[in-house]
Amino acid sequence: MKFKKLFVQTLLLIGSLFLLTSCVQLVPPVNNGGNNDNEKQYPYELSIDICSYDFYQLTDELFEMPISSYDITIDNPMIASVSNNGYITTFMEGNANIYFDNKINSEYNTLIKLNTSKGIKVDYIDVGQGDAILVSLPNDEVMMIDAGAGLYYDENIAWQNIRNTLNKRGISEIDHLVITHNHGDHYGLVPNVVRNYRVLNCYDSGSIRTNWQYINVMDSITDAGINKQIVKVGDKIIEEENLLVQVVGVQQSSNEEDDVNYQSIMIRIVYEDVAYMFTGDAGYREGDCENIALNSGLELKSNVLKVGHHGSMYSSGNQFLNAVKPEIAIITTSKDTETGHPHAQALNRLNRVNAEIYQSAIHGTITVSSNGKIIYIVTEKN
């Protein structure tokens, strides 16, 4: 499992200097009271601000010596637990001290001051070239954006990955289920979701389709008594003081001949200073949803972009990327595909705006979480 942090315009005052910092800041050696049991000294001190109800892996690079050379204890196990290899599991909001006592030389003892707060966690679940995105919101509500499996991906494995992620998060109820558009790789496993979890609200574009799979999905939603809503551009699914979930792109069609990718629901989620963009299979061709979003007059700038249509040639147009300005780009695709996604042209456009690219085909399930100031990335692989 790989853990990475990104800077999001956070300033920390140390002495008389302003330093651009991340979730982890190594400060000059200090003498402190240390562990109350033995008054040990901790010459190195790190301060970490991370989300509650989440998982983080500390790495050797943060320390003067490998993590394996330390005995690790925490003074407040109600807040978090930490394993011998530096894997932190956070439980609730609060503060805790984690003591790293070096087995070889106490001059390398390190104190981590852990601060946890509510945040947003987005799991881009590995389902091959399909979408199943779990969003754990800071107001304790849960949103799922699509639940499908890629055409060339084992559906049973895809469902297992979805279920494992939901269960790992302790989720039994989904407040908001978004079906971005009428393609099986985005909704094929929705019936599994509504049979196994309580779903309160479902959102779709309202486009009319008569294929059997779509009808089966809609029937499963109706049978479960889920409140179904048709969305339009500008709709605010959630609007709170520091949290906004808004539809920035969608269009309806009753014409069976229309490309359903053009009808994708696009959603932007903003929590404090951090924004996520979700695009379904939207692209930049005339009449496609990227252009609808661009013409909406709504703010599109987002730190994290779920790349449209699995990185196809016609996704992530230059105008759209100039508006979104993504720092991180997530591409949901599979090694076992005949489509050639992600396309070199799409990758080149993402590289042009200096987006850091992650692919489920390479990284497995990708988790991007934030406390509203700092972004953390955890990948299942590589």
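The values are calculated or read from the model by the stated rules, or taken from the named source; none is laboratory data. Worth saying up front: this structure is predicted, and the values here are computed from it rather than measured. Here Cβ is always computed from backbone atoms with ideal geometry, including for glycine, and neighbour counts include all displayed protein chains.
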Residue 148 - would you say it is touching a Phe, Trp or Tyr at 6+ places or on another chain (Cβ under 9 Å), at positive phi and assigned by TED's automatic domain parsing to the domain that holds residue 366?
no
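With the condition kept exactly as written, say whether any residue in the range 114-129 is over 29 Å from residue 329 (Cα atoms) and surrounded by 19 or more Cβ atoms within 10 Å (Cβ to Cβ). I'd like the intermediate steps shown before the answer.
Residues of the range 114-129 that are over 29 Å from residue 329 (Cα atoms), as a first pass: none.
No: zero hits.
Please determine whether any residue of the range 173-180 is assigned to a loop (DSSP other than H, G, I, E, B) and assigned by TED's automatic domain parsing to the domain that holds residue 237. Full working, then the answer.
Filtering the range 173-180 down to residues assigned to a loop (DSSP other than H, G, I, E, B) leaves 179-180.
From the residues that got through so far, the ones that are assigned by TED's automatic domain parsing to the domain that holds residue 237 too are 179-180.
Checked against the condition, which is being assigned to a loop (DSSP other than H, G, I, E, B) and assigned by TED's automatic domain parsing to the domain that holds residue 237, the range 173-180 yields at least one hit.
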Does residue 134 satisfy the criteria of being assigned to a strand (DSSP E or B) and either at pLDDT below 90 or closer than 27 Å to residue 96 by Cβ (or both)?
yes
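How many residues does the range 302-331 contain that are crowded, with 24+ Cβ neighbours inside 10 Å and among the hydrophobic types (A, V, I, L, M, F, W, C)? So that I can check it myself, show each step before the final result.
From the range 302-331, those crowded, with 24+ Cβ neighbours inside 10 Å are 304-311, 315-316, 320, 324, 326, 329-331; that's our starting set.
Subset that is among the hydrophobic types (A, V, I, L, M, F, W, C): 304-305, 307, 320, 324, 329-331.
Residues flagged as crowded, with 24+ Cβ neighbours inside 10 Å and among the hydrophobic types (A, V, I, L, M, F, W, C) within the range 302-331 amount to 8.
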Which numbered condition residue 69 misses (of (1) modelled with pLDDT of 90 or more; (2) more than 29 Å from residue 141 (Cβ to Cβ); (3) touching a Leu at 6+ places or on another chain (Cβ under 8 Å))
(3)
Considering every residue within the range 65-82, establish whether at least one is free of Cβ contacts under 8 Å to residues at least 12 places away in the same chain, in a strand (DSSP E or B) and touching a strand residue (DSSP E or B) at 6+ places or on another chain (Cβ under 8 Å).
yes
With the checklist (1) more than 15 Å from residue 134 (Cα to Cα); (2) modelled with pLDDT under 95 in hand, flag the one item residue 179 doesn't pass.
(1)
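Might you check whether a residue that is out of contact with any Asp or Glu (no Cβ under 9 Å at 6 or more places or on another chain), closer than 28 Å to residue 341 by Cα, assigned to a helix (DSSP H, G or I) and of a type outside the set (Gly, Ala, Ser) occurs anywhere in the range 147-155? Spell out how you get there, then give the answer.
Within the range 147-155, the first condition is being out of contact with any Asp or Glu (no Cβ under 9 Å at 6 or more places or on another chain), and the residues that meet it are 154-155.
Retained after the next criterion (residues that are closer than 28 Å to residue 341 by Cα): 154-155.
Of the ones still in play, those that are also assigned to a helix (DSSP H, G or I) are 155.
Cutting the leftovers down to of a type outside the set (Gly, Ala, Ser) gives us 155.
The answer is yes; a qualifying residue exists.
A quick yes/no check of all residues on (1) part of a strand (DSSP E or B); (2) surrounded by 20 or more Cβ atoms within 10 Å (Cβ to Cβ); (3) among the hydrophobic types (A, V, I, L, M, F, W, C):
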| site | (1), (2), (3) |
| --- | --- |
| 292 | no, no, yes |
| 297 | no, no, no |
| 300 | no, yes, yes |
| 333 | no, yes, no |
| 361 | no, yes, yes |
Determine if the range 209-229 includes at least one residue that is assigned by TED's automatic domain parsing to the domain that holds residue 310, within 22 Å of the chain's Cα centre (by Cα), not in a loop (DSSP other than H, G, I, E, B) and not hydroxyl-bearing (Ser, Thr, Tyr).
no
Among (1) part of a loop (DSSP other than H, G, I, E, B); (2) modelled with pLDDT of 95 or more; (3) out of contact with any Ser or Thr (no Cβ under 8 Å at 6 or more places or on another chain) - the single one residue 326 does not satisfy:
(3)
Answer from 19, 11 - the residue that is closer than 20 Å to residue 119 by Cα, modelled with pLDDT under 90, surrounded by fewer than 16 Cβ atoms within 10 Å (Cβ to Cβ) and more than 20 Å from the chain's Cα centre (by Cα):
11
